[in-house]
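Participant: Got a structure for you, written out below as structure tokens; questions coming shortly.
The values are calculated or read from the model by the stated rules, or taken from the named source; none is laboratory data. This structure is a prediction, so every number in the text was calculated from the model and none was measured. Note: ideal-geometry Cβ built from the backbone for every residue, glycine included; neighbour counts use all protein chains shown. Heavy atoms of the whole protein, side chains included, go into the accessibility calculation; ligands, DNA and RNA do not. Shrake-Rupley method; radii C 1.70, N 1.55, O 1.52, S 1.80 Å.
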Amino acid sequence: MDRKKLVEFKNVSFQYEEEGALVLNQVSFEIYEGEWVAIIGHNGSGKSTIAKLLNGLLMPKDGEIVVDGQKVDDDTVWDIRKDVGMVFQNPDNQFVGATVQDDVAFGMENRGIPREEMRERIQRTLSAVRMQDYLITEPHRLSGGQKQRVAIASVLAIAPKVLILDEATAMLDPTGRKEIMHTVNDIQESEGLSLITITHDLQEIVQADRVIVMNKGEIWEETTPRELFLQRESLREIGLDVPFVAQLTDELMKQGVELKEAALNHEELLEELWKFNSKM
Amino acid sequence: MEIQFKDVSYIYQENSPFAHKALEDISFTVEAGSFVAVIGHTGSGKSTLIQHLNGLSLPSRGEITIGDFLLSSEGKPKNIRDLRRKVGVVFQYPEHQLFEETVAKDIAFGPKNFDVEQEEIDRRIERLLPAVGLPAEILERSPFDLSGGQKRRVAIAGVLAMAPEVLVLDEPTAGLDPRGQREIMDMFYQLHQERQLTTVLVTHSMEDALAYADKVIILNGGKKYMEGPPLEVFKQTDKLQEVQLDTPEVIHFLNQYNERFGTSLNYQHQTLQELANEIKGQLEVESDE
Ligand SMILES: Nc1ncnc2c1ncn2[C@@H]1O[C@H](COP(=O)(O)OP(=O)(O)OP(=O)(O)O)[C@@H](O)[C@H]1O
Ligand SMILES: Nc1ncnc2c1ncn2[C@@H]1O[C@H](COP(=O)(O)OP(=O)(O)OP(=O)(O)O)[C@@H](O)[C@H]1O
Ligand SMILES: [Mg+2]
Ligand SMILES: [Mg+2]
């Protein structure tokens with residue numbers, strides 16, 4: 001199957017200050033239509049910088065970024081931003097509307113979406129994040145998690161081709177986080193958009209198709225979640241960790257419980273234990 | 001210091017058409033030197049509750065005592081400055097507490113404000129930087145030009161630099177990398193133990209609540225929904241699910257395990273190593289039968 005390449009980083013380097021250190025060093029990767037890629041890495045490893053380069057808030061010092069066939073530069077940036085939706089790490093940095101519904105409407109107005117359609121999308125996206133009762137609330141009067149929910153609704157409403165969530169669910173309770181990621185995942189699959197999630201939540205990584213691991217401004221590894229979590233020791237060395245299931249699998253193996261497959265979730269681990277049990 | 005809430009309600013924009021009751025008739029006690037976790041889903045009132053602990057918000061009804069301080073709807077106590085010196089609050093979004101030109105000035109702001117000498121402040125900073133996992137080079141940078149996790153670490157250092165007697169933490173590990181989450185929670189716990197720091201932690205991590213808290217308080221829709229030792233509270237899976245809360249992953253896994261294998265393994269703060277050993281032992285018994 002020939003998948004369409006939606007995002008490409010070609011040897012991208014970046015520094016915030018002329019004499020400063022390189023914050024990104026020769027970073028290259030590709031992301032395809034309909035794909036979910038997680039970007040993880042220690043604090044300060046360059047994840048948010050990648051996100052800001054991707055929608056032209058920053059320009060590379062070296063290298064090239066291509067979004068849906070267009071090179072990101074000063075001429076194309078406004079066009080590209082229409083296709084790239086982003087939720088920032090701190091939602092306060094992105095609220096523009098005086099009320100929740102104005103905020104969701106804002107991005108759509110910029111894209112010339114008709115009134116009727118706007119109204120419908122406001123309802124639909126706010127319901128999807130369970131914030132439909134807060135239409136006329138001022139964003140600064142929301143709780144931390146409510147702010148994140150509204151920020152996600154605002155970006156879903158513009159139906160971008162590329163969606164970047166920069167720790168966009170960090171303030172949600174685990175159930176809320178699962179629910180929202182489920183919603184986003186559904187939309188991603190039905191619309192074929194590329195989803196990039198930047199996260200420290202190991203549970204969230206498990207669901208991605210691919211993981212890019214950043215370390216000190218460089219790509220340390222690019223792999224699947226299953227492969228990644230086999231590398232427990234080296235992940236710890238670069239400030240990361242593996243999820244509970246991988247840790248428990250590890251301990252069980254150490255104690256002589258032979259499990260064949262690296263389980264990614266409870267069900268898989270229980271299945272492995274069941275197989276082991278019937279062999280004994 | 002002991003903290004006591006007595007029938008506390010809090011209403012945002014009271015006497016306006018937008019009035020919103022965020023806390024309703026809340027009563028509980030945080031014993032001096034204990035570690036309490038406050039849990040609840042989005043909008044349940046956690047941040048509103050802890051903003052009362054340093055008098056940032058005052059109850060609309062009811063009373064709060066924190067050591068010798070009394071907070072009520074009557075207005076701020078005269079000695080509120082003393083209260084703020086003794087109660088350190090790490091807010092949910094670090095941006096809300098960073099404002100100085102450099103990281104060094106930012107961390108020094110609190111203690112300086114409370115007349116701690118510069119020499120002592122420098123000593124504290126030197127001790128705190130490695131504890132929050134920041135390199136010394138960062139001191140001269142602007143706190144606004146840092147990554148999200150780095151800002152969080154600076155905000156935490158700023159609160160600890162005041163050497164508070166009560167530590168109030170509103171989702172302090174959000175935005176930290178996995179190692180940072182573990183190290184910083186361990187550091188809070190160590191402080192709590194060494195200095196008998198009364199600690200109130202708002203968290204979405206049931207794992208942290210289970211690992212560190214003496215008591216868990218669960219909020220739902222502004223009301224107290226449950227209160228008790230973590231093992232007691234987290235046993236009640238159904239009751240938690242009613243308010244969209246998960247049990248800690250290890251307990252959830254053991255429940256599923258027991259269901260599948262017809263066993264009754266129990267979580268009692270075992271390490272993963274001990275758990276693996278129990279599971280192995282149980283599998284062996286099973287296959288002998
Ligand atoms: N505006 C800025 N000016 C100067 N340096 C910056 C700026 N923003 C970020 N940096 C630095 O660039 C590096 C990468 O930051 P970035 O925000 O991309 O990290 P991150 O991987 O998103 O980290 P986190 O997990 O903490 O959010 C860090 O060392 C940070 O201090
Ligand atoms: N400044 C404000 N004005 C009016 N209402 C507010 C204000 N701040 C919060 N609220 C409302 O009060 C309720 C409780 O908010 P609070 O911030 O205490 O929740 P929380 O439990 O901390 O949630 P989260 O987990 O999302 O941070 C929410 O419904 C919120 O919308
Ligand atoms: Mg970041
Ligand atoms: Mg909150």
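Participant: With the dipole of the stretch A:216-280 worked out from charges on the C-beta (+1 for Lys and Arg, -1 for Asp and Glu) around the Cα centre, which of A:277, A:246, A:235 lies farthest toward the positive end?
Facilitator: The residue sitting farthest along the positive end of the dipole is A:277.
Participant: Mind checking the per residue accessible area of the stretch A:111-269 for me, 1.4 Å probe, whole number of Å²? Present the calculation step by step, with values, prior to reporting the outcome.
Facilitator: Details: 6600 Å² over 159 residues.
Accessible surface, normalised per residue, equals 41 Å².
Participant: Just the accessible area per residue of the stretch B:130-245, please: how many Å² with a 1.4 Å probe? Don't skip to the end; give the middle numbers.
Facilitator: On the way: 4410 Å² over 116 residues.
Per-residue accessible area for the stretch B:130-245 comes out at 38 Å².
Participant: Using only the Cα atoms of the stretch A:132-173, construct the convex hull and provide its projected area averaged over every direction, in square nanometres to one decimal. Provide the component values of the computation, followed by the final result.
Facilitator: Values: hull surface 13.6 nm².
The Cα convex hull of the stretch A:132-173, projected and averaged over all directions, gives 3.4 nm².
Participant: Same structure, new question: At 1.4 Å probe radius, can you tell me the per residue accessible area of the stretch B:55-107 in Å²? Could you put the intermediate results ahead of the total?
Facilitator: Details: 2580 Å² over 53 residues.
I get 49 Å² per residue for the stretch B:55-107.
Participant: Among A:248, A:54, A:156, whose mean-square fluctuation peaks in a Gaussian network model of chain A (Cα, cutoff 10 Å)?
Facilitator: Fluctuation is largest for A:248.
Participant: Based on the mean of other beta carbon atoms within 10 Å per residue, what is the order of B:104-115, A:36-47, most packed first?
Facilitator: Details: B:104-115: 18.2, A:36-47: 24.4.
Descending mean neighbour count gives A:36-47, B:104-115.
Participant: Here is a follow-up. Could you tell me the ratio Rg/Rh of the stretch B:1-137? Both radii from Cα atoms, Rh via Kirkwood. Present the calculation step by step, with values, prior to reporting the outcome.
Facilitator: Numbers: Rg = 17.3 Å, Rh = 17.0 Å.
Over the Cα atoms of the stretch B:1-137, Rg/Rh equals 1.02.
Participant: Next question. Per-residue Cβ counts within 10 Å, from other chains only, averaged over B:274-284: what number is that? Walk me through the intermediate numbers first.
Facilitator: Details: counts 1, 3, 11, 5, 0, 6, 7, 1, 2, 7, 3.
The mean count of partner-chain Cβ atoms within 10 Å per residue comes to 4.
Participant: Counting only protein heavy atoms and rolling a 1.4 Å probe, how much accessible area do B and A lose on contact, total for both sides, in Å² to 100? List each step's numbers first, then the result.
Facilitator: Numbers: alone 15060 and 14430 Å², together 25140 Å².
Summing both chains' loss of accessible area gives about 4300 Å².
Participant: Which values, in whole Å and largest first, are the semi-axes of the equivalent ellipsoid of the stretch B:209-289 obtained as the square root of 5 times each eigenvalue of the Cα gyration tensor?
Facilitator: One finds semi-axes of 29, 14, 8 Å for the stretch B:209-289.
Participant: Once the Cα atoms of chain B are picked out, what are the Rg and Dmax in Å?
Facilitator: Taking only Cα atoms of chain B, I get Rg and Dmax of 21.0, 72 Å.
Participant: Kirkwood Rh, the stretch A:5-230, all Cα pairs: how many Å?
Facilitator: Values: mean 1/r = 0.0560 Å⁻¹.
It works out to 17.8 Å.
Participant: May I ask you to work out the translational diffusion coefficient for the stretch B:142-289 at 25 °C, viscosity 0.890 mPa s, via Stokes-Einstein with Rh from the Kirkwood sum over Cα pairs, reported in whole µm²/s? Don't skip to the answer; put the middle values down first.
Facilitator: Values: Rh = 17.7 Å.
The diffusion coefficient I find is 138 µm²/s.
Participant: On to the next question. Could you look at the protein assembly as shown and say what percent of its accessible area is carbon and sulfur, using a 1.4 Å probe and all protein chains?
Facilitator: Working: 11330 of 25140 Å².
Here it works out to 45 percent.
Participant: At most 14 other Cβ atoms within 10 Å plus a DSSP loop assignment makes a site exposed; report the longest stretch of chain A without any exposed GluC sites (Glu not before Pro).
Facilitator: On the way: sites that count: A:17, A:18, A:19, A:258, A:261.
No qualifying site falls inside A:20-257, the longest such stretch.
Participant: Is there a simple number for the mean count of other chain Cβ atoms within 10 Å of the Cβ of residues in B:169-178, and what is it? Provide the component values of the computation, followed by the final result.
Facilitator: Values: counts 0, 2, 4, 0, 2, 8, 7, 5, 12, 12.
Shielding by partners across B:169-178 averages 5.
Participant: Measure off 7 Å from each Cα along the Cα-to-Cβ vector at residue B:74 and residue A:133, then give the distance between these two points in nanometres to one decimal.
Facilitator: It is 3.5 nm.
Participant: Same structure, new question: Shielding by partners for A:142-149, please: the mean number of other protein chain Cβ atoms within 10 Å of each residue's Cβ.
Facilitator: Numbers: counts 2, 10, 11, 9, 2, 3, 1, 2.
The shielding value for this peptide is 5.
Participant: What share of all Cα pairs of the protein assembly as shown, in percent, falls into each consecutive 20 Å distance bin?
Facilitator: With a bin width of 20 Å, the distribution comes to 19, 53, 27, 1.
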